[in-house]
Amino acid sequence: MLLPWWIKFFCWLFMIFGLLSFVCLILGVTNIKPDLVLYGFETNESFSLIGLMVISIGLLKGYTAFALWFEKDIAIKIGKIDAVIGILLCVIAMLLLPFIQENSVITIRLELILLIPFLIKLNKIQRQWENIY
């Protein structure tokens, strides 16, 4: 009841995303090379540094969504960690990647439009959530 509709929507989306991240990890063992893209980080190698980072973040997002949807007591803390990591990675992708990667340009990451309100909402409901769960 504490979660707004838009967080509930993204919970379902990210539970599916987490499952697909696990599938991409399994596909890394085969010759199938999935395109992995998140927060401006791109690769098609599951077992590269960027690939493992994207898959790990996908799994974290899936777990966060699961914890929020099923009202686990640790959900708000995991959600805040997820949001902060997402914000930091967006900032890194915006400010550092254009100078490190060759064909990269400076872009504003639109994910921040949802990550910042998500973090703010989690901060607002944390006390109520902890009292209930």
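Quick test of your reading of the structure: residue 80 fulfils all but one of (1) among the basic types (Lys, Arg); (2) under 19 Å from residue 13 (Cα atoms); (3) out of contact with any Leu (no Cβ under 8 Å at 6 or more places or on another chain). Name the failing condition by number.
Against the list (1) among the basic types (Lys, Arg); (2) under 19 Å from residue 13 (Cα atoms); (3) out of contact with any Leu (no Cβ under 8 Å at 6 or more places or on another chain), residue 80 comes up short only on (3).
Of all residues in region 109-132, count the ones that are under 21 Å from residue 10 (Cα atoms) and open to solvent by 100 Å² or more (accessible area, probe 1.4 Å).
Qualifying residue count for the region: 3.
Tell me which residues, restricted to region 39-87, are in a helix (DSSP H, G or I) and among the polar types (S, T, N, Q).
Passing the criteria: 56, 64.
If a residue has to be in a helix (DSSP H, G or I), β-branched (Val, Ile, Thr) and without any contact (Cβ under 8 Å) to a residue 24 or more places away in the chain to count, how many in region 93-133 make the cut?
Residues that pass the stated criteria total 3.
For residue 10, all conditions in the list (1) free of Cβ contacts under 8 Å to residues at least 40 places away in the same chain; (2) closer than 18 Å to residue 125 by Cβ; (3) of a type in the set (Phe, Trp, Tyr) hold save one; what is the number of the exception?
(1)
Can you find a residue in region 86-108 that is open to solvent by 50 Å² or more (accessible area, probe 1.4 Å) and among the small types (Gly, Ala, Ser)?
no
(1) open to solvent by less than 30 Å² (accessible area, probe 1.4 Å); (2) at pLDDT 95 or above: which one isn't true of residue 9, the others all being true?
Of everything listed in (1) open to solvent by less than 30 Å² (accessible area, probe 1.4 Å); (2) at pLDDT 95 or above, residue 9 misses just condition (1).
Take the conditions open to solvent by less than 100 Å² (accessible area, probe 1.4 Å), touching a helix residue (DSSP H, G or I) at 6+ places or on another chain (Cβ under 8 Å), at pLDDT 95 or above and of a type in the set (A, V, I, L, M, F, W, C) and apply them to residue 3. Does it pass?
Judged against the criteria, residue 3 is not a match.
Kindly evaluate residue 68 against the criterion of being closer than 14 Å to residue 118 by Cβ, touching a residue at least 60 places away in the same chain (Cβ under 8 Å), in contact with a helix residue (DSSP H, G or I) (Cβ under 7 Å, 6 or more places away or on another chain) and not polar (S, T, N, Q).
yes
Of the residues 73, 82, which is charged (D, E, K, R) and under 24 Å from residue 34 (Cβ atoms)?
Result of the check over 73, 82: 82.
If I ask for residues that are among the β-branched types (Val, Ile, Thr) and in a helix (DSSP H, G or I), which ones from region 9-38 would you list?
Passing the criteria: 16, 23, 26.
Take residue 34 and tell me if it is free of Cβ contacts under 8 Å to residues at least 24 places away in the same chain, buried (at least 16 other Cβ atoms within 10 Å of the Cβ) and over 11 Å from the mean Cα position of the chain (by Cα).
Yes.
The values are calculated or read from the model by the stated rules, or taken from the named source; none is laboratory data. Only a predicted model underlies this, so the values are computations on that prediction, with no experimental measurement involved. For neighbour counting, all protein chains shown are included, and Cβ atoms are generated from backbone atoms with ideal geometry for every residue, glycine included. These accessible areas exclude ligands, DNA and RNA; they are computed on the full protein's heavy atoms, side chains included. Shrake-Rupley method; radii C 1.70, N 1.55, O 1.52, S 1.80 Å.
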